[in-house]
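Reviewing the structure listed below.
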Amino acid sequence: MGRLGNYQTVTESNKKTVILKKKTFSKESLLAYLFISPFLLGLGIFFLIPAVASFYLSFTTWDGLSAPDFSGITNFINLFQDQTFLRAMLNTFVFTILSVPTSIVIATLIATLLNQKIKGMVIYRTLYFIPVITMPVAVGMVWRWLYNSEYGLLNFSLSLLNLPQPAWLFDERLALVSIVIASVWMTVGNSTVILLAGLQGIPQSYYEAAVIDGANDIKKFFYITLPLLSPSLFFVLVISMINSLQVFDLVYMMMGENVGLLYPTRTIVYSMWEHGFRYFNMGYASAQAFMLFIIILFLTIIQLYFQKKWVHY
């Protein structure tokens with residue numbers, strides 16, 4: 001009976017503990033949801049509801065004023081017959097292919113240099129990060145002035161060296177590349193900060209062991225730094241790709257609204273803006289937005305699949 005009594009006492013104590021934990025958990029959960037409620041509210045109002053509405057509008061013909069007229073998949077059929085939109089897709093892919101790898105390579109080199117113990121490191125880190133906090137509109141205006149064919153700083157510098165002075169934004173072969181250069185300058189600082197944080201998380205013991213084994217700096221970089229930095233590189237790759245596929249402000253500010261100049265630099269988001277807010281064809285613009293969502297989702301899934309082969313956690 002003594003043992004049975006002890007067993008009943010322990011059981012009742014466990015029940016009280018479970019009940020107490022449930023009460024504590026419910027209070028903590030309620031408090032947690034209270035703190036994140038502003039974010040959830042903003043996410044629903046500014047992202048989820050507009051996304052659902054845009055998906056519905058992609059199957060309609062709507063001018064933004066009258067009632068939407070359901071048109072089925074007509075907008076999506078027109079997308080693949082619209083040579084201007086297909087060229088915008090091509091320009092967006094070329095922009096991404098040129099800007100993302102270039103930005104990551106430069107950011108990796110800068111982060112590696114900034115990870116060294118040298119004087120004035122805080123100043124260098126600040127200088128590299130300043131373009132990130134600069135508004136894209138301001139960046140576009142400044143680079144548009146730099147690229148000016150008549151009084152731009154780049155051509156002035158080239159003239160002093162007796163070198164050719166190209167029409168950066170007026171040459172179809174150079175216009176998109178010029179925007180890529182401005183984009184890399186603006187975004188490389190953000191990637192640098194993320195990669196620098198990853199570098200500082202690598203234990204020094206690996207490098208000390210490599211030195212004992214006789215490894216030089218190049219071998220340490222390729223056999224220690226890059227493999228252990230791969231999670232940060234993967235994060236930067238995904239984020240940079242998503243941002244580059246949505247490029248708009250630099251194109252708009254640097255190229256203006258000149259139809260002839262825009263054709264070789266037009267992007268998907270620029271096409272969305274044009275059809276939605278210039279031609280007031282909201283249904284067609286929503287179909288383009290949904291197509292861009294599918295492209296980003298597909299490319300992100302591919303990266304998540306292949307990251308198992310090169311990302312080391």
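Taking segment 136-155 as the range and being more than 18 Å from M186 (Cα to Cα) and crowded, with 18+ Cβ neighbours inside 10 Å as the test, the residues that pass are G152, N155. Say we look at segment 261-289 and pick out the residues that are open to solvent by 30 Å² or more (accessible area, probe 1.4 Å) and either touching a Gly at 6+ places or on another chain (Cβ under 8 Å) or of a type in the set (S, T, Y) (or both); which of these is nearest to N91 (Cα to Cα)? Step by step, filter segment 261-289, then rank; the result is Y263.
Name the residue that is surrounded by the most Cβ atoms within 10 Å (Cβ to Cβ), counting only residues in segment 290-313 that are of a type in the set (A, V, I, L, M) and more than 30 Å from G198 (Cβ to Cβ).
Of the residues in segment 290-313, the ones of a type in the set (A, V, I, L, M) are 291-292, 294-297, 299, 301-302, 304, 311.
Remaining after also requiring more than 30 Å from G198 (Cβ to Cβ): 291, 294.
Working: M291: 19, I294: 10.
Among those residues, the one meeting the criterion is M291.
Residues that are within 17 Å of L250 (Cβ to Cβ) and of a type outside the set (A, V, I, L, M, F, W, C): find the helices (runs of 4 or more DSSP H) completely inside segment 88-201 holding 2 or more of those.
Values: elements: 121-133, 136-146, 153-160, 175-200.
In segment 88-201, the matching helices (runs of 4 or more DSSP H) lie at 136-146, 175-200.
Restricting to segment 174-190, name every residue that is over 13 Å from L98 (Cβ atoms), open to solvent by 20 Å² or more (accessible area, probe 1.4 Å) and not aromatic (F, W, Y).
Initial filter on segment 174-190 (over 13 Å from L98 (Cβ atoms)): 185-186, 188-190.
Add one more test, that the residue is open to solvent by 20 Å² or more (accessible area, probe 1.4 Å), and what stays is 185-186, 190.
Within segment 174-190, M186, N190 qualify.
Evaluate the following for A167: is it open to solvent by less than 40 Å² (accessible area, probe 1.4 Å) and either under 30 Å from S232 (Cβ atoms) or in contact with a strand residue (DSSP E or B) (Cβ under 8 Å, 6 or more places away or on another chain) (or both)?
On the way: open to solvent by less than 40 Å² (accessible area, probe 1.4 Å): yes; either under 30 Å from S232 (Cβ atoms) or in contact with a strand residue (DSSP E or B) (Cβ under 8 Å, 6 or more places away or on another chain) (or both): no.
So A167 fails the test.
Yes or no, residue by residue, for (1) under 30 Å from Y128 (Cβ atoms); (2) of a type in the set (A, V, I, L, M, F, W, C); (3) at pLDDT 90 or above:
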position	(1), (2), (3)
V10	no, yes, no
F55	no, yes, yes
D63	no, no, no
T74	no, no, yes
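Across segment 82-97, not a single residue is classified as without any contact (Cβ under 8 Å) to a residue 40 or more places away in the chain, charged (D, E, K, R) and within 30 Å of L195 (Cβ to Cβ).
Taking segment 212-248 as the range and being β-branched (V, I, T) and over 18 Å from A107 (Cβ atoms) as the test, the residues that pass are I212, I218, I224. When M254 is tested against the conditions (1) modelled with pLDDT of 90 or more; (2) in contact with a Gly (Cβ under 6 Å, 6 or more places away or on another chain); (3) over 30 Å from L199 (Cβ atoms), the lone failure is (1). For E208, the conditions (1) in a helix (DSSP H, G or I); (2) surrounded by 15 or more Cβ atoms within 10 Å (Cβ to Cβ) are fulfilled apart from (2).
The values are calculated or read from the model by the stated rules, or taken from the named source; none is laboratory data. Predicted, not measured: the structure shown is a model, and the values here were computed from it. Methodologically, a virtual Cβ is constructed for each residue, glycine included, from the backbone with ideal geometry; neighbour enumeration extends over all protein chains shown. Only protein heavy atoms, including side chains, enter the accessible area calculation; ligands, DNA and RNA are left aside. Shrake-Rupley method; radii C 1.70, N 1.55, O 1.52, S 1.80 Å.
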